[in-house]
Amino acid sequence: MSDDPASLSNLRDLALPAPVPWWPPAPGWWILAAGVLLAGFLLAVHAIARYRANAYRREALRVLDALEGDIGKADAGLLAQRMASLLKRAALAAYPRSEVASLNGALWLSFLDRTAGTDRFTTGPARRLPDLAYGTGAEGGTDALREIAAAARLWLRTHRAPASGGSGWLC
């Protein structure tokens, strides 16, 4: 062996550092995980708030199903009154009382069309709702009631209620 420090016989393997462990993660991963958890929490809160805000809609659709089952069995005028009352209650649950409570006749029908983006109540078959409900047009009641029920179902599903009085950032 030679005493020369540059000799190949004096070389040793390189000392490698220990592998980087998976745990604990770097601070950036902690921040990302916290952000994902926060986003998931906010989405869950939003979904719950939206579900609760639409409770009136689900209940009105259940009542409408029961009313549709009575078409042909019960008095057409009474069923039309109940459908009109159901639509008014749903509208009062979704919109400010000052905007909805005083509406009747053509103004009520145009409100229903405007809030659902349709024309079924003012020019379509459901325009007969006030006549059937308040006794001035009982002929052809069964077919008209089916058409009114279809329009009411469409309105209940598609109307867009204004944002609640809260800040609006979450819902």
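The values are calculated or read from the model by the stated rules, or taken from the named source; none is laboratory data. It should be emphasised that the depicted structure is a prediction, and the values quoted were computed from it without experimental measurement. With ideal geometry, Cβ positions are generated from the backbone for all residues, glycine too; neighbour counts draw on all protein chains shown.
Can you tell me how many residues within the stretch 1-38 are touching a Ser or Thr at 6+ places or on another chain (Cβ under 9 Å) and surrounded by 10 or more Cβ atoms within 10 Å (Cβ to Cβ)?
Total satisfying the criteria: 1.
Spot the failing condition for residue 65; the list is (1) over 29 Å from residue 134 (Cα atoms); (2) within 21 Å of the chain's Cα centre (by Cα), and only one is missed.
(1)
Assess whether residue 102 counts as being closer than 24 Å to residue 54 by Cα, outside any helix (DSSP H, G or I), under 28 Å from the mean Cα position of the chain (by Cα) and modelled with pLDDT of 95 or more.
Spelling it out, residue 102 is indeed closer than 24 Å to residue 54 by Cα, outside any helix (DSSP H, G or I), under 28 Å from the mean Cα position of the chain (by Cα) and modelled with pLDDT of 95 or more.
Out of 39, 49, 33, 44, which single residue is part of a helix (DSSP H, G or I), in contact (Cβ under 8 Å) with a residue 40 or more places away in the chain and among the aliphatic types (A, V, I, L, M)?
Just one listed residue meets the conditions, 49.
Report yes if residue 56 is assigned to a helix (DSSP H, G or I), of a type outside the set (A, V, I, L, M, F, W, C), under 30 Å from residue 142 (Cα atoms) and at pLDDT 95 or above, otherwise no. Give the derivation first.
Values: assigned to a helix (DSSP H, G or I): yes; of a type outside the set (A, V, I, L, M, F, W, C): yes; under 30 Å from residue 142 (Cα atoms): yes; at pLDDT 95 or above: yes.
It is true that residue 56 is assigned to a helix (DSSP H, G or I), of a type outside the set (A, V, I, L, M, F, W, C), under 30 Å from residue 142 (Cα atoms) and at pLDDT 95 or above.
Return the residues of the stretch 1-30 that are in a helix (DSSP H, G or I) and within 60 Å of the chain's Cα centre (by Cα); say none if nothing qualifies.
Result: 27, 28, 29, 30.
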